[in-house]
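The next block holds one structure in the form of structure tokens; read it before the comments.
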Amino acid sequence: MAGLRYRTADLRTGRAFGGEWTIDDRGMMMTKKEPVFRNTLYTHDNLYVLAGLNSELVDLIYLDPPFNSKRTYSAPIGSKAAGASFKDMWTWKDVDEFHLDTLAAHYPVLAKYIANAGTMHGKPMMAYLTYMSQRIVEAYRVLKETGSLYMHCDSTASHYLKILLDGVFGKNNFRNEIIWCYKKWSVAQKAFSKNHDTVLLYTKSSDYCFHQLLQSRAKSTLKRFGTQKIVSGFDDYGKRKPSETTKEKSKGVKMADWWEIPIIAPSSKERTGYPTQKPLALLRRIIEASSNEGDIVLDPFCGCATTCVAAQQLDRKWIGIDIEKKATRILIQRLSDDAGLFKDFVATDQVPKRTDVREVAPSKSVKEQLYKAQEGMCNACGTAFELRHLELDHIIPKAKGGGDYYENYQLLCGSCNRIKGDRPMEYLWLKIETRERMLKTRVFFGE
Ligand SMILES: C[S@@+](CC[C@H](N)C(=O)[O-])C[C@H]1O[C@@H](n2cnc3c(N)ncnc32)[C@H](O)[C@@H]1O
Ligand SMILES: [Zn+2]
């Protein structure tokens, strides 16, 4: 709560409680004895799907979000993905206001940074960064302690996204800036050809899964030493001795942080025509480096499901999310086509429901508990009331993914509750003009 007196919906830390797990047919299926997981493709805004996934559920997250490039991407007519498109332009309307107060309360420094970026670069940038940080915060929560997150960026957004990731993961958990380089025809411009993307790797802790991948030797090394293992050392004076080969064969050299992987050729069988489709080879490398067989891989911006295909090929489990309904058709076709690999997966446009937070029906004892926590005051205007004059409210309404969880309840006075209705707390705070802190929040978010 970072120094704030009022409660905000904090569903970040929910862990498994006792009791029987429920089995639902929307992806997360668990029984107490034996967890059952089904690969699932969600067609929905990823913020709400992420908010419905259990904490510490997945081992690896790959995100390939839109970049604020002010373009609309469309699949070419005649391609498998024809009809699919997504926009890459941002306004304040893209930001979910219900999750704003959570961001401001739990990541105040990040909120300040976003406000500053907005002052420098305008509202679309601020909206984009807010939109992205809301998703990064949720992605962080659903990642296991040993998990890794790969954020795929282009040069328009990578430096901003890195600061957001530093803010949520901690900059000590930054592991690599991977440069994915490729050859492609460049558009005429007075600059060097833009032939790389950046992929930022963060881990949730210092105890993370990582398999050292190997690559073959550079041509010059092969010419000089062949494929034999090389040893080098220092003489008695600390001077480096010339390298020598041994009888043993070398397995290769440790993979560097720049990867030459061709983009998908126009004639390639892999190409679906989906705009911004990434090569399977890129995703396979990421998955092999940072997960084990049987692990769960999540892609919240999955497009034509490249990550899901790669995960399936490598015997990992997967969750894919994309908002674009038109993409779902091609996506399901790809999953079903792929050599019968995908006999069994769930495709749904429903959001999942967390099973790791205890549902608490609204009751007198919940009210009493909250009354103590709020020190007898309305959670918005701060006025003291007797318990009977305070009303139970869902901080994030149920329609927006907020559930009957203790963490999502608050007590409001009748007047505040009527002003708020089914709106976000941000709206209520803006109405309570005497509240200095609330005004500050408003300034943070530029409204
Ligand atoms: C850069 S593309 C991803 C391409 C993907 N890596 C592939 O190989 O096909 C970004 C995707 O994010 C989706 N998207 C944008 N906003 C979203 C949101 N809020 N929730 C879920 N998906 C979203 C778009 O529809 C688009 O398919
Ligand atoms: Zn009040």
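The values are calculated or read from the model by the stated rules, or taken from the named source; none is laboratory data. Quantities reported herein were computed from a predicted structural model and do not represent experimental measurements. Note that each Cβ is placed from the backbone with ideal geometry, even for glycine, and that neighbours are counted across all protein chains shown.
Considering (1) within 16 Å of ligand 1 (Cβ to nearest atom); (2) in contact with a strand residue (DSSP E or B) (Cβ under 8 Å, 6 or more places away or on another chain); (3) of a type outside the set (D, E, K, R), say which one S268 fails and leave the rest.
Here S268 meets the rest and fails (2).
Being crowded, with 20+ Cβ neighbours inside 10 Å and at pLDDT 95 or above is the filter here; which residues of segment 261-284 pass it?
Once the filter is applied, which keeps residues that are crowded, with 20+ Cβ neighbours inside 10 Å and at pLDDT 95 or above, segment 261-284 yields K278, P279, L282, L283.
Take D315 and tell me if it is more than 16 Å from ligand 2 (Cβ to nearest atom), outside the structural domain of G414 (by TED's automatic domain parsing), outside any helix (DSSP H, G or I) and farther than 20 Å from P300 by Cβ.
Working: more than 16 Å from ligand 2 (Cβ to nearest atom): yes; outside the structural domain of G414 (by TED's automatic domain parsing): yes; outside any helix (DSSP H, G or I): yes; farther than 20 Å from P300 by Cβ: yes.
When the stated conditions are applied, D315 passes them.
Determine whether I332 is assigned to a helix (DSSP H, G or I), of a type outside the set (S, T, Y) and more than 19 Å from the chain's Cα centre (by Cα).
yes
Is it fair to say T355 is in contact (Cβ under 8 Å) with a residue 24 or more places away in the chain, part of a helix (DSSP H, G or I) and buried (at least 17 other Cβ atoms within 10 Å of the Cβ)?
Details: in contact (Cβ under 8 Å) with a residue 24 or more places away in the chain: yes; part of a helix (DSSP H, G or I): no; buried (at least 17 other Cβ atoms within 10 Å of the Cβ): yes.
Spelling it out, it is not the case that T355 is in contact (Cβ under 8 Å) with a residue 24 or more places away in the chain, part of a helix (DSSP H, G or I) and buried (at least 17 other Cβ atoms within 10 Å of the Cβ).
If the Cβ limit is 9 Å and pairs must be 6+ apart or interchain, which residue in segment 167-178 that is not assigned by TED's automatic domain parsing to the domain that holds Y107 pairs with which residue that is modelled with pLDDT of 95 or more and assigned to a helix (DSSP H, G or I)?
none
In segment 106-163, which residues are without any contact (Cβ under 8 Å) to a residue 24 or more places away in the chain and either in contact with a strand residue (DSSP E or B) (Cβ under 7 Å, 6 or more places away or on another chain) or of a type in the set (A, V, I, L, M, F, W, C) (or both)?
Of segment 106-163, the ones without any contact (Cβ under 8 Å) to a residue 24 or more places away in the chain are 116, 119-122, 159.
Correct list: M120 only.
Are there any pairs, at least 6 apart or on different chains, whose C-beta atoms fall under 9 Å, with the first in segment 211-225 and modelled with pLDDT of 75 or more and the second part of a helix (DSSP H, G or I) and surrounded by 11 or more Cβ atoms within 10 Å (Cβ to Cβ), and if so, which?
Listed pairs, sorted by first residue: H211/E288; H211/A289; H211/S290; Q212/A289; L213/R285; L213/E288; L213/A289; S216/L222.
Yes/no per residue for (1) within 16 Å of ligand 1 (Cβ to nearest atom); (2) charged (D, E, K, R); (3) part of a helix (DSSP H, G or I):
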site: N379; (1), (2), (3): no, no, no
site: E391; (1), (2), (3): no, yes, no
site: A399; (1), (2), (3): no, no, yes
site: E407; (1), (2), (3): no, yes, yes
site: L412; (1), (2), (3): no, no, no
site: C416; (1), (2), (3): no, no, yes
site: I419; (1), (2), (3): no, no, yes
site: D422; (1), (2), (3): no, yes, no
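Report, ordered by the first and then the second residue, all pairs with beta carbons closer than 8 Å, sequence separation of six or more or different chains, a first member in segment 406-432 that is touching a residue at least 40 places away in the same chain (Cβ under 8 Å) and in the same structural domain as I396 (by TED's automatic domain parsing), and a second member that is surrounded by fewer than 16 Cβ atoms within 10 Å (Cβ to Cβ) and of a type in the set (S, T, N, Q).
Cβ pairs passing all conditions: Y406/Q369.
List, please: which pairs have Cβ atoms under 9 Å, are six or more places apart or on different chains, and start with a residue in segment 381-405 that is of a type outside the set (S, T, Y) and end with one that is part of a loop (DSSP other than H, G, I, E, B) and within 16 Å of ligand 1 (Cβ to nearest atom)?
Listed pairs, sorted by first residue: K400/D96; G401/G52; G401/V351; G403/G52.
Considering every residue within segment 370-384, establish whether at least one is assigned by TED's automatic domain parsing to the domain that holds A281 and among the hydroxyl-bearing types (S, T, Y). Give the derivation first.
Filtering segment 370-384 down to residues assigned by TED's automatic domain parsing to the domain that holds A281 leaves none.
The answer is no, given that none of the residues of segment 370-384 is assigned by TED's automatic domain parsing to the domain that holds A281 and among the hydroxyl-bearing types (S, T, Y).
Looking only at segment 375-402, filter to residues that are in contact with a helix residue (DSSP H, G or I) (Cβ under 7 Å, 6 or more places away or on another chain) and among the small types (G, A, S); which one of those is farthest from ligand 2 (Cβ to nearest atom)?
The residue in question is G401.
Return the only residue of K190, K112 being surrounded by 13 or more Cβ atoms within 10 Å (Cβ to Cβ) and not acidic (D, E).
Values: K190 fails: surrounded by 13 or more Cβ atoms within 10 Å (Cβ to Cβ).
It is K112.
Here's the yes/no breakdown for (1) more than 21 Å from T146 (Cα to Cα); (2) without any contact (Cβ under 8 Å) to a residue 40 or more places away in the chain:
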residue: S267; (1), (2): yes, yes
residue: L282; (1), (2): yes, no
residue: V297; (1), (2): no, no
residue: C308; (1), (2): no, no
residue: Q313; (1), (2): yes, yes
